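Undergrad: Structure provided below as structure tokens; questions to follow.
The values are calculated or read from the model by the stated rules, or taken from the named source; none is laboratory data. Quick caveat: nothing in here was measured; it's all calculated off a predicted structure. We place every Cβ from the backbone using ideal geometry, glycine too, and count neighbours over all the protein chains shown.
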Amino acid sequence: MHKHAVIGVNIIKPIRSMSALCDLVRHHQEFYNGKGYPDGLKGEEIPLTARIIKVCDAYDAMTTDRPYRKAMSKEDAKKELIDESGTEFDPKIVEEFLKVI
């Protein structure tokens, strides 16, 4: 699982029209507190686009049925984003995301 970000970069890097997305793909699993992967980047070291996608992707994952579990309610997913703000997610991104959903 921890290799999927690097595998994704290796897939898109040779495609000229997608190469600009390499940082986003590589760092979308970094945690704001530095405990994510693959590089353990922290806070502002994580590209802004990756911090934004991290929040959007997490919300989508939480609110979508999966083969192994039912979706969370939107309210529970919002609470989870708030609870993990500053740890897993950039607090500023969470704040702005919650304003628009």
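Undergrad: Within segment 89-101, how many residues are assigned to a loop (DSSP other than H, G, I, E, B) and in contact with a Lys or Arg (Cβ under 6 Å, 6 or more places away or on another chain)? Talk me through it step by step, then tell me what you get.
TA: Pass one, segment 89-101, residues assigned to a loop (DSSP other than H, G, I, E, B): 90, 101.
Within this subset, residues satisfying the condition of being in contact with a Lys or Arg (Cβ under 6 Å, 6 or more places away or on another chain) are 90.
Going through segment 89-101 one residue at a time, the tally reaches 1.
Matching residues to (1) farther than 23 Å from LEU98 by Cα; (2) within 11 Å of the chain's Cα centre (by Cα):
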{"residue": "MET18", "(1), (2)": "yes, no"}
{"residue": "ASP23", "(1), (2)": "yes, no"}
{"residue": "ARG26", "(1), (2)": "yes, yes"}
{"residue": "GLN29", "(1), (2)": "no, yes"}
{"residue": "GLY40", "(1), (2)": "yes, no"}
{"residue": "THR64", "(1), (2)": "no, no"}
{"residue": "MET72", "(1), (2)": "no, no"}
{"residue": "GLU80", "(1), (2)": "no, no"}
{"residue": "SER85", "(1), (2)": "no, no"}
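Undergrad: How about segment 83-101: which of its residues are surrounded by 14 or more Cβ atoms within 10 Å (Cβ to Cβ) and β-branched (Val, Ile, Thr)?
TA: ILE93, VAL94, listed by residue number.
Undergrad: State which residue is farthest from ILE46 (Cα to Cα) when the search covers only segment 72-96 and only residues that are touching a Leu at 6+ places or on another chain (Cβ under 9 Å) and β-branched (Val, Ile, Thr).
TA: ILE82
Undergrad: Just to verify a result, which residue in segment 31-68, among those that are of a type in the set (Ser, Thr, Tyr) and free of Cβ contacts under 8 Å to residues at least 40 places away in the same chain, is surrounded by the fewest Cβ atoms within 10 Å (Cβ to Cβ)?
TA: TYR68
Undergrad: In the set ILE7, ILE82, which member is modelled with pLDDT of 95 or more and aliphatic (A, V, I, L, M)? Break it down into steps so the answer makes sense when it comes.
TA: Working: ILE7 fails: modelled with pLDDT of 95 or more.
Going through ILE7, ILE82 in turn, just one is modelled with pLDDT of 95 or more and aliphatic (A, V, I, L, M): ILE82.
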